[in-house]
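Structure in structure tokens, see below.
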Amino acid sequence: MDAAEFRRRGREMVDYVADYLEKIEKRQVFPDVEPGYLRPLIADCAPQDPESFEDVFKDIEKIIMPGVTHWHSPYFFAYFPAASSFPALLADMLCGGIGCVGFSWAASPACTELETVMLDWLGKMVNLPEEFLAGKDGQGGGVIQGSASEATLIALLAARTKTIRRMQSAKPELTEAEIMGRLVAYASDQAHSSVERAALIGAVKIKNVPSDDTFSVCGSALKKVLDEDKAAGLIPFFFCATLGTTSCCSFDKLLELGPICNKENIWMHVDAAYAGSAFICPEFRHLLNGVEFADSFNFNPHKWLLVNFDCSAMWVKKRSDLIGAFKLEPLYLQHHHQESVTPDMGSSLCLQHWQIPLGRRFRSLKLWFVLRMYGVKGLQEHIRKHIRLSHQFEHLVLQDERFEVCAEVVLGLVCFRLKGSNELNEALLKSINDAKKIHLVPCHLREKFVLRFAICSRTVESTHIKFAWQHISQLATGLLKTREQNHHQQ
């Protein structure tokens, strides 16, 4: 394919993607395929001779689309939103076209510098304390990770290194292995499984801190666990606080937890993967109060801020804590600017030291395009619209005495269920997803099986919420009627 054909085919692909997104509502949200559907549809091995673009293009609808779950459908209410917008798609196209691998400043100066500035923009939008910004001469700064899971792992590994060095400085007789064997990380019993996975990869113990009746961790619960572990000779070193848990969007009490972590020399990482985007709205910023006590903070613009995957924003108060944990500098990666800084930035010029991979894509282009073309006000309206729609759904649920809402609706997630057994609700969810008109996923809140209704699509409207509720209500009526009939027959 030469440049002339690329121009022609590029226009065709842009038209195809635009048509796909404009007409996505007409596609069934969840596919009608079984595991292994795709292999019989394609050849056993790669073709020896080149095939035409036409042949590849026609196979998109024939082979790929039948197996796609349409995350951007206005009938998709599962998991959390996966952000997408036309400006972000165009920026991703440019990112692919430039094709730089921006591990260091010299590898692509614009890639490094734009990312640093965009994370300052974003940090100011959520009103992060000044210490988290790179600015002109700050000690902190932000970086784009691939996911919140990566950000948690990076924070945990940095905390581990910092604690080992501190312990060895105080007690030189201790070996690294002895310290590692006593380290303990902590997270809420509602925290995402990725926190436990980070501890697994980091080869340290992890303990769950019990959450309260609102599914939040408070200071007294953390202090109790810490006191027990310290008495047993363990070394608490890391706590992951969650703002907007995956199950029910609950919020750990940072203002209680932060001072405890600071006093005990425990690195506090704040994971706000989903909820963080809402903090650009002043009326939700109070949910972030206490972040001033944190060592690191993360949220995903690729969930709710119209920046398509992957773009997970992470900030640290002291970037030297990250760089100190991960810096290795072979000769082939060194350059003569690396000890200097540009006039308007106090950031490290080698973002390779802020992450697990060496290479990195020019992901900040997506942020730059989206923040400029929507503006803060446009993004605030997007967030507020989703939250209005979640309260609309909550209101519909509460009007039906057969149902209950199981957790406070704060942002764009409603946790609800039929009053009754877990088996009844499992049957309801199965009937919803078997019908494939809308798509939901469940969670467990304590012993209850609960249905999650997340407002996800950029194009979702009030009519889609009404349709979804009417559909759920009708299926519940049918299910309850069948159960009642079966009960009478017995």
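Can you say what percent of the DSSP beta bridges in the range 100-361, counting only those with both residues inside, are antiparallel? Round to 5.
35 percent
Provide Rg over Rh for the chain; use the alpha carbon set for both Rg and the Kirkwood Rh (inverse mean inverse pair distance).
Across the chain, the Cα-based Rg/Rh ratio is 1.00.
Here is the link list: Lys253/Lys419; Lys205/Lys230; Lys136/Lys317; Lys62/Lys437; Lys162/Lys318; Lys23/Lys303. Which ones come out longer than 18 Å on Cα distance? Present the calculation step by step, with values, prior to reporting the outcome.
Working: Lys253/Lys419 30 Å; Lys205/Lys230 14 Å; Lys136/Lys317 14 Å; Lys62/Lys437 21 Å; Lys162/Lys318 12 Å; Lys23/Lys303 22 Å.
From Lys253/Lys419; Lys205/Lys230; Lys136/Lys317; Lys62/Lys437; Lys162/Lys318; Lys23/Lys303, over 18 Å: Lys253/Lys419; Lys62/Lys437; Lys23/Lys303.
Leaving out same-chain residues fewer than 8 places away, which aspartates and glutamates sit with a Cα under 20 Å from that of Lys481?
Those aspartates and glutamates meeting the cut-off are Asp400, Glu401, Glu404, Glu423, Glu426, Asp434.
Next up: Calculate, for the chain, the solvent-accessible area per residue in square angstrom, rolling a 1.4 angstrom probe over the heavy atoms of the protein chains.
That works out to 47 Å² per residue.
If you don't mind, another one. Beyond 17 Å, what percent of the Cα pairs of the range 3-83 remain?
So the pairs more than 17 Å apart make up 60 percent of the total in the range 3-83.
Share of the chain's accessible area from carbon and sulfur, percent, 1.4 Å?
The computed percentage sits at 56.
Can you list the HN-Hα couplings for the range 138-154, worked out from phi with the Karplus curve (6.51, -1.76, 1.60; θ = phi - 60°), rounded to whole Hz and with x for Gly and Pro?
After applying 6.51 cos²θ - 1.76 cosθ + 1.60, I find x, 9, x, x, x, 8, 8, 9, x, 7, 5, 4, 5, 4, 4, 4, 4 Hz.
Mind checking the range 1-77 for chymotrypsin sites (Phe, Trp or Tyr not before Pro) that DSSP puts in a loop (not H, G, I, E or B) and that have at most 14 other Cβ atoms within 10 Å?
Tyr37
For the range 364-441, what ratio Rg/Rh do Cα atoms give with a Kirkwood hydrodynamic radius?
On the way: Rg = 17.1 Å, Rh = 15.0 Å.
Taking Rh as the inverse mean 1/r over Cα pairs, Rg/Rh reads 1.14.
The values are calculated or read from the model by the stated rules, or taken from the named source; none is laboratory data. What you are looking at is a predicted structure, and each value in this text was computed from that prediction instead of being measured. Every residue, glycine among them, receives a Cβ derived from its backbone with ideal geometry; neighbour counts consider all protein chains shown. Only protein heavy atoms, including side chains, enter the accessible area calculation; ligands, DNA and RNA are left aside. Shrake-Rupley method; radii C 1.70, N 1.55, O 1.52, S 1.80 Å.
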